[in-house]
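Below you'll find the structure, written out as structure tokens, and then a few comments.
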Amino acid sequence: MIKSRNRNIVIKSQFNIHGSRGKDAGKFIADYVSRESATDPSMAYRPDPNRIPQAGDGVAFTLDDTAITRQETLDIAEHVQNLHATGTRAIQQMVISLDPDYLIQEHLVPEDIEIHRKGDYRNQYDDVRLRHAVQHGLQSLIDVEGYRDGKAVACIQRDTNHLHVHAVVYEDAKKISRLRGREEKGVIKKSSFNLMAHDIDRYLEFTKMPGLVPNTKNLVPEDDIKDDRPQHVVPESQPVAEPVYVNAYLQILQQKRQAAEKAQRLAHKIIDKQGHIHDDRETELEEDIARKRREDGENQDLNNQSVPPMEL
């Protein structure tokens, strides 16, 4: 049965093949999806007493594990990049957005929650139920789409005014079953996303329990909770921003690349035909002066032109 669209759970995805969404799919997982400034460790995570804890432990989850270590996350990121480097794999980059009222309705956050600035969701959501719900939804999508050995890694992000989940789905089998020519098919059917949202919603509905929301704020002593939210308060009249999507990651990379190129230009020395060495900043200043002189000359020419009398 074809499932209808769920307006409380919005899923968007774009696939990365041949570097169409960034050349390093692994860094997308390691540096963006699981970044420490946007995520929290799961309440279900239990650190191994025999290993040294690491920042980022318990943040990411897979189809089989509610929470994994930072090193396991980095290992998955490296593996995904190796698959992506073959040039035949379509790595799915998804974002799952949940309506604020729906979070209250499904008892994922307290009824009296107040969101005024970015990061206010921190410590106030039931991350375990949400992780399990997303696991069920992702598995349904993988099954209906015909993956041979589909895998996924995901993280809940709370650094905006909306709680959302970033997920990366990939084919881990040596032989690709979803083919388009010689490459893995990148497009996922709309009906598959509808089924994924339906199964997320069904899991949350079946596991909803009255009473106190089991979140960090309610279960951890207040003195042990660190508040790392930005101090900027969002005015009530300002519309709530949409979740940060994967395109933001590409914009960050582009900005870094442009900054590096600019720094290189400023540091580079050039030699003119007379053998004189000039700094690029001096060259840019000379170009600005020349441009200003041309503009002044054009304005002077316009002022010298005679204006014909207006006919009555």
Requested in this report: Answer yes if at least one residue in segment 84-100 is surrounded by fewer than 20 Cβ atoms within 10 Å (Cβ to Cβ) and assigned to a helix (DSSP H, G or I), and no otherwise.
Outcome: yes
Query raised in the report: Counting only residues that are buried (at least 17 other Cβ atoms within 10 Å of the Cβ) and either outside the structural domain of SER192 (by TED's automatic domain parsing) or of a type in the set (D, E, K, R) (or both), how many does segment 101-113 have?
Result: 1
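Looking at segment 84-100 only, could you name the residues that are free of Cβ contacts under 8 Å to residues at least 24 places away in the same chain and among the acidic types (Asp, Glu)?
If we filter segment 84-100 for residues that are free of Cβ contacts under 8 Å to residues at least 24 places away in the same chain, which is where we start, we get 85-86.
Of everything in segment 84-100, nothing turns out to be free of Cβ contacts under 8 Å to residues at least 24 places away in the same chain and among the acidic types (Asp, Glu).
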Query raised in the report: Hey, any hits in segment 34-49 for a residue that's within 21 Å of SER140 (Cβ to Cβ) and assigned by TED's automatic domain parsing to the domain that holds GLU184?
Result: no
Report task. Could you list, in sequence order, all residues of segment 154-189 that are hydroxyl-bearing (Ser, Thr, Tyr) and either surrounded by fewer than 17 Cβ atoms within 10 Å (Cβ to Cβ) or out of contact with any strand residue (DSSP E or B) (no Cβ under 7 Å at 6 or more places or on another chain) (or both)? Result -> THR160, SER177
Query raised in the report: Name the residues in segment 114-148 that are out of contact with any Leu (no Cβ under 8 Å at 6 or more places or on another chain) and either closer than 18 Å to THR160 by Cα or outside the structural domain of ASP40 (by TED's automatic domain parsing) (or both), would you?
Result: GLU114, ILE115, HIS116, ARG117, LYS118, GLY119, ASP120, ARG122, ASN123, GLN124, ASP127
Query raised in the report: Any chance segment 23-34 includes a residue that's in a loop (DSSP other than H, G, I, E, B) and touching a Ser or Thr at 6+ places or on another chain (Cβ under 9 Å)?
Result: yes
Query raised in the report: If you go through segment 120-128 one residue at a time, do you hit one that is surrounded by fewer than 20 Cβ atoms within 10 Å (Cβ to Cβ) and over 29 Å from GLU184 (Cα atoms)?
Result: yes
Report task. Scan segment 70-80 and give yes if some residue there is of a type in the set (Gly, Ala, Ser), modelled with pLDDT under 95 and in contact with a helix residue (DSSP H, G or I) (Cβ under 6 Å, 6 or more places away or on another chain), otherwise no. Result -> no
Requested in this report: Considering only segment 17-67, state which residues are touching a Gly at 6+ places or on another chain (Cβ under 9 Å), within 19 Å of ASP126 (Cβ to Cβ) and acidic (Asp, Glu).
Outcome: ASP40
Report task. For residues that are in contact (Cβ under 8 Å) with a residue 40 or more places away in the chain and in a loop (DSSP other than H, G, I, E, B), tally how many sit in segment 101-152. Result -> 17
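The values are calculated or read from the model by the stated rules, or taken from the named source; none is laboratory data. Note that the structure is predicted; figures quoted are calculated from it, not measured. Cβ coordinates were reconstructed from backbone atoms using ideal geometry, including for glycine residues, and neighbour counts include every protein chain displayed.
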